[in-house]
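Asker: Got a structure for you, questions after.
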Amino acid sequence: MTSADDPAERYFAAITAALAGLEIFMHNGRSPLYRHGIVAGILAEYIDRLTRSFACWRNRLSFMDKFRISRSESGFPVFQNVLELENDRRQADQRLANIPKPDELREEMADFILRHKAFPSALQKSMAERLYLEEVRSGNTFGPFTLAQTAKVSVNPKTMRPYYLVHWASFDGTADLPLVYMVTVEDSSDSMVRQLVDPHGRLNDKVEIPLPVDGLLNPELAHRFDDFTEKNSAYSLAPLTIAMNLDKDFPDLHPKQLRRIVLGPFYSAGITENNSTVAEILSRVRSPENAWLLTWTIQEVYSKGEKPGRRGLWSSQPPQEEFHIDTDDLEATRQGVSAYEKHALVPHEAYQALYAAGEAQKTFAGYKVHILSNGQVISDV
C-alpha cells in the first residue's frame, strides 16, 4: 500500500488532477483554444487514453516496484514504461490464465488471514496484477503509436475534392512527450472524387460513411498513410517538415492544415526538476494535489495556396502546397510552424504561490494561462 507521503503516490495524484483539469478545459464551451468542437472531442479521446495509462501504471506499482519518469525534462513517464504497458497488453490473456479468478483470490485471502493471522501480501499482489491486466487488455491506453482515424469528411466546393480530418498520436521516445496530430487533407484521386462528390460539388449523401473510420478513408492509400504517419511522428521533426513530406510522398493528397499538440512539460513539487524556481515555489503549496503545473503547445502549419501541377510529354509534376511561415516571428520559424500557442494549466493555490513570490509573470511569459479552481477553469488571466 502507498501513502500520500510516498513520492510515487504524490506524482500520480498530481498528474491525475492535471489531466482531469485539462479534460474540464476541453469541455468548456468558452475555451479560447478549441474553436471547433470536433478538435476538442478528438483531443479529449487521447487525454482519456493517457488517464487510463496512468491508472494502469499506478496499479502496476502494487506488484512491481519499478516506475521512472523524466524528472529533469518532460515530467512524463520515460518511454520504457509506455513500451512495458504495450507489452503487457499483448501478453495479458496468457498471464491472466495463470492467475486465479477474483472470487478465488478473495476466498484464499480470507482463509490466509484466518489461519495465519497475517496480511496475505503475495495474494494481494496477485489480485493487483489481475486487475491491472484486465484494464490493460482493453487496449484503451496511450501506446507508443496510435493508428490514424478519419473523423470528418466533407467537400471543398472550390476544388471539387473531398477532404478528410485525420488524427493519430505517438509517445515520443526521445523527448518522453505525448503528441497528438490532426491533418486536414484534400484527396484528388479519381476514384474518391467520383464516389464522394455529387454534381453540385457537395458530399454525395448516397454514400454511407460510418465515422470515425479506422485509417485514411481512401482504401488505396490507407496502408501507405499508416506507414507514413508512424515514420513521421517524431517530436524532432518540425510540423512543416511533416506536412512537406506528406505533400511530396502522396501526389493525390493535399495537406491544407497540419496541427500538432505537444502535451507537457509537467511540473510537480518534490518530484520533477525541470525548473528549479517553479519547483521551489510549488513546494510551498500546502496541498500536494495542487502543487503542479501542466503546459502544452499547439503547433499549426497551413497552406496559403497550391502551385498547379503540370503534365508534359516528357515529364509531369503534381500540384504542390505552399505552406505559410511567418519569417518575422523567429519562434514560429524555429519551430517550423505557421502559428503556435503555448498554454499552461495551474491550480488556483499554486498560481497564488507563484504570484505571491513575484514569479507568475516570468513563469507564464508567452503562455495563455488557465486556472483550475473548484472544478472550473478560468482562462484569460
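A short reminder: the numbers here are calculations on the coordinates, not readings from a lab. Remember, it's a predicted structure, so these values are computed and weren't measured experimentally. Here the Cβ positions follow ideal geometry from the backbone for every residue, glycine too, while neighbour counts run over all protein chains shown.
Asker: Evaluate the distance, in nm, between pseudo-label points positioned 7 Å from the Cα of LEU147 and of HIS348 along their respective Cα→Cβ axes.
Answerer: Distance between label points: 4.6 nm.
Asker: Nearest 20 debye, what's the magnitude of the dipole of the chain about its Cα centre given +1 on Lys and Arg Cβ and -1 on Asp and Glu Cβ?
Answerer: 200 debye
Asker: Now, a different point. Show me the helices of the chain, taken as full DSSP H stretches, that run 18 Å or more along their long axis by Cα and average 0.0 or above in Kyte-Doolittle hydropathy.
Answerer: Passing helices, by number: 7-26, 37-60.
Asker: May I pose another question? Could you work out the pair-distance distribution P(r) of region 107-186 from its alpha-carbon pairs, with 5 angstrom bin width and percents rounded to whole numbers?
Answerer: 3, 11, 12, 11, 10, 9, 8, 7, 7, 6, 5, 3, 3, 2, 1, 1
Asker: Something else about it: Considering the Cα positions of region 36-137, please state its Rg to one decimal place and its Dmax as a whole number of Å.
Answerer: Rg, Dmax (Cα atoms, Å): 17.2, 61.
Asker: Using modelled backbone amide H atoms (1.01 Å from N, in-plane), which distant-in-sequence or interchain residues come within less than 5 Å of LEU61's amide H?
Answerer: Here nothing satisfies the definition.
Asker: If you find the alpha carbon centre of region 127-155 and of region 91-125, how far apart are they in angstrom?
Answerer: When both Cα centres are located, 28 Å separates them.
Asker: Another one. Checking the cross-link filter: which lysines have an alpha carbon closer than 20 Å to that of LYS158, excluding same-chain neighbours under 8 positions apart?
Answerer: List returned: LYS256, LYS304, LYS307.
Asker: Run the simple label-point estimate for SER276 and ASP214 please: 7 Å along Cα→C-beta, distance reported in nm.
Answerer: Taking the simple label geometry, SER276 and ASP214 are separated by 5.0 nm.
Asker: Compute the Rg to Rh ratio over region 146-200 from the alpha carbon atoms, using the Kirkwood formula for Rh, and round to two decimal places.
Answerer: In region 146-200, Rg relative to Rh is 1.17.
Asker: I've got another one for you. Within straight cross-link reach of LYS206, meaning Cα distance under 18 Å, which lysines are found once same-chain residues fewer than 8 apart are removed?
Answerer: LYS152
Asker: Then there is this: By the gyration tensor of its Cα atoms, with a ≥ b ≥ c the square roots of the eigenvalues, what is the shape of the chain: rounded for a/c under 1.5, prolate for a/b over b/c, or oblate?
Answerer: oblate
Asker: Per DSSP H run of at least 4 residues, take -39500 (n - 2.57); add these up for the chain, divide by its residues and hand me the 222 nm value, nearest 500 deg cm²/dmol.
Answerer: -12000 deg cm²/dmol
Asker: How big is region 291-349 by the Kirkwood estimate over distinct Cα pairs, in Å?
Answerer: When all Cα pairs of region 291-349 are included, the Kirkwood radius is 14.6 Å.
Asker: Starting from 0.36 nm per residue, how many nanometres of slack lie between LYS231 and ARG95 once their C-alpha separation is accounted for?
Answerer: That pair, LYS231 and ARG95, stretches by 45.8 nm at full extension.
Asker: Projected onto the charge dipole of region 36-137 (+1 at Lys/Arg Cβ, -1 at Asp/Glu Cβ, origin at the Cα centre), which of PHE79, GLN91, GLY41 gives the Cα projection farthest towards the positive end?
Answerer: Looking along the dipole axis, the top candidate is PHE79.
Asker: Something else: Which residue fluctuates the most in the chain, going by a Gaussian network model with Cα springs under 10 Å, if the choices are ARG334, ARG106, ARG311?
Answerer: Its mean-square fluctuation being the largest, the pick is ARG311.
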